[in-house]
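First the structure, in the form of structure tokens, and then the observations on it.
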Amino acid sequence: MANGDKTERATPRRREKAREQGRVVRSREVAGALLVLAGLQLLLWISGSELQRWRTSWRSWPDLAWQSDFSAGAPILVWTGVAALRWILAPLALVWALAVISSLAQGGLVFAAEALTPNVERMSPAKKLGQMFSLAGLAPIAKSLIPFTVLLYLGSGILVRDWELLMRSAQMPTLTLGRFACQRAFEICWKATLVLLMWSVLDYLLQQQKLERELRMTKQELRDEYKETDGNPTIKSRLRRLQRQMRRRNLLKDVERATVVVTNPTHIAVALEYRPEMAAPVVVAKGVNALAEQIKRVARWHEIPIAENPPLAQALYRGVEVGQAIPAKLYAAVAEILAFIFRAQVRAQQAAGRT
């Protein structure tokens with residue numbers, strides 16, 4: 001289907017599928033920029049105390065070599081190995097840490113089993129050659145020429161600026177020449193780092209825009225996805241069941257504040273709430289069969305009076321919705337039950353006071 005038909009933004013489900021396939025926004029330029037930054041940090045580290053440590057070692061090694069033999073456990077070999085390991089392990093650890101950080105920062109931790117599945121088409125040499133010499137294959141090469149051109153311009157600028165010093169470098173003392181080379185190397189590194197960091201940010205935004213275009217959907221794909229998820233009868237049935245369970249839990253919670261529960265008495269239960277400040281009693285819960293038994297069970301647990309009045313229970317269940325006040329024609333019947341309950345509660349309190 002033509003890309004022009006893909007006018008809709010990708011849904012969360014499509015994005016999740018793309019992530020499972022390993023299609024996340026990752027820019028190789030970010031890792032390259034961070035590696036150059038690591039090189040700059042190593043240069044600063046070398047130019048500090050580590051350079052002085054190496055100078056001291058080089059001065060002491062001839063004396064150690066003269067005073068001791070070159071056996072496997074000779075101090076000069078041990079110290080040389082320790083120094084070499086310190087110089088090798090530190091850059092490797094820094095490079096590894098920056099590679100992991102750049103990968104996690106861009107797309108997070110992604111394990112795409114589908115991307116690891118062997119694919120004959122991807123291993124085809126003919127297809128690879130076709131991709132290399134296509135416009136899509138040449139695009140990354142052309143894109144990498146942009147920062148390379150900027151770096152070449154900066155390097156040539158430094159070369160032109162210091163050309164006279166370079167011509168006289170053969171006459172410089174060794175220490176001065178070394179200091180000059182370190183200063184120019186440091187300048188090239190921090191300028192290259194700045195350029196690559198700026199380019200990596202731009203490349204990341206371009207990669208993100210490219211992925212967004214690839215994930216766009218047609219209207220038909222949106223409709224098909226809706227049928228597979230929200231429109232699926234099984235999923236809709238499960239959603240309705242979860243909604244009923246949630247409503248039932250909320251309804252049973254409302255029973256706890258009821259004043260009385262009117263029953264059929266077998267298969268209908270209606271919970272009424274009445275307070276002196278209320279204009280009329282309100283139905284807070286009602287149900288039949290299993291739900292009615294749950295309402296009565298909650299009422300017994302919270303010591304809420306249960307009154308058996310089949311005609312009133314049927315009238316309340318059929319004529320009053322949950323959250324509504326009872327109609328005026330039922331005032332007398334409900335008032336009679338409430339009055340009986342209030343009198344019983346008063347007598348119980350008085351009996352408890354006398355004892």
Inset, instruction - State whether one or more residues within the stretch 270-291 are free of Cβ contacts under 8 Å to residues at least 40 places away in the same chain, basic (K, R) and either buried (at least 19 other Cβ atoms within 10 Å of the Cβ) or touching a Cys at 6+ places or on another chain (Cβ under 9 Å) (or both). - result: yes
Inset, instruction - Starting from residues that are part of a helix (DSSP H, G or I) and without any contact (Cβ under 8 Å) to a residue 24 or more places away in the chain, keep the ones in the stretch 292-325 and report whichever is farthest from the chain's Cα centre (by Cα). - result: P311
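Regarding A335, is this residue over 57 Å from the mean Cα position of the chain (by Cα) and assigned to a helix (DSSP H, G or I)?
It is true that A335 is over 57 Å from the mean Cα position of the chain (by Cα) and assigned to a helix (DSSP H, G or I).
FYI, it's all coordinate maths here, none of it is from the lab. Model, not experiment: these values are computed from the prediction. Here Cβ is always computed from backbone atoms with ideal geometry, including for glycine, and neighbour counts include all displayed protein chains.
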